[in-house]
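A.B. asks: Here it is: the structure, laid out below.
Just so it is clear, none of the values below were taken in a lab; they were calculated from the coordinates. Keep in mind that this is a model prediction, so the values were computed, not measured. In this analysis, Cβ positions are derived from the backbone assuming ideal geometry, glycine residues included, and neighbour counts consider all displayed protein chains.
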Amino acid sequence: MTRSNYSNNLNRQTPGAVETTDSENSLDTQIAIVWALEDGWQGADSLAPSPQAKEFYEIYRDGLPSSYWNESAPSATVDGGLHLGWERSDHIYSADILPGGELVLRVTAPHESDNAELRLDQPTAGMLRRFVMRGLPID
């Protein structure tokens, strides 16, 4: 997987962007580990990440400023999807890329009434980028 010139230029222009070498190498290593998983990786019924989930993630990552890479390390789910999770301030955020390419976005806040979940059956990578950078709403 290669990153586009647009993304590399965006990284250089982002104020306060992290040094891309260490962050990119760490994220690339994590991605390689997850992409190498095979069916049965966590028990007989577990599935490797689906091609649709991996493709969606790669498109998402290609346009993401490097300052958000720490939030973007994927882990595999047993149903063939991908999970991203991070904390910011006093909120817990997660994004699940489902095996068919659908997206589930969640925010867990200190007050239960502020919790939110959004399921998108036809998401774009831009929607996930906005969620990672700003939270909800994504429009």
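A.B. asks: Work out from phi, with θ = phi - 60° and the Karplus expression 6.51 cos²θ - 1.76 cosθ + 1.60, the ³J(HN,Hα) of each residue of region 111-117, listed in order in whole Hz, and give x for Gly and Pro.
C.D. replies: 9, 3, 5, 9, 5, 8, 9
A.B. asks: Given Cβ point charges of +1 (Lys, Arg) and -1 (Asp, Glu) and nothing else, what value in debye, to the nearest 20, does the dipole of region 20-134 about its Cα centre take?
C.D. replies: Numbers: 8 positive and 19 negative charges, 71 e Å.
The calculation lands at about 340 debye.
A.B. asks: Rank these for me by crowding, I138, I59, going from fewest to most other beta carbons within 10 Å. Don't jump to the answer; show the numbers that get you there.
C.D. replies: On the way: I138 19, I59 14.
Taking fewest neighbouring Cβ atoms as first place, the list is I59, I138.
A.B. asks: Shifting gears a bit: Using the beta-carbon distance between Q30 and V78 and R0 = 22 Å, what value does 1/(1 + (r/R0)^6) give for FRET efficiency, to the nearest 0.05? Write down the numbers at each step before the final one.
C.D. replies: Values: r = 18 Å, r/R0 = 0.81.
Here the calculated transfer efficiency is 0.80.
A.B. asks: Round to the nearest 0.05 the FRET efficiency obtained for S67 and E87 when R0 = 25 Å and r is the Cβ-Cβ distance. Kindly include the intermediate steps, with their values, before the conclusion.
C.D. replies: Working: r = 16 Å, r/R0 = 0.63.
Between S67 and E87 the formula returns 0.95.
A.B. asks: Could you compute the FRET efficiency for E58 and S113, with r as their C-beta to C-beta distance and R0 at 22 Å, rounded to 0.05?
C.D. replies: 0.05
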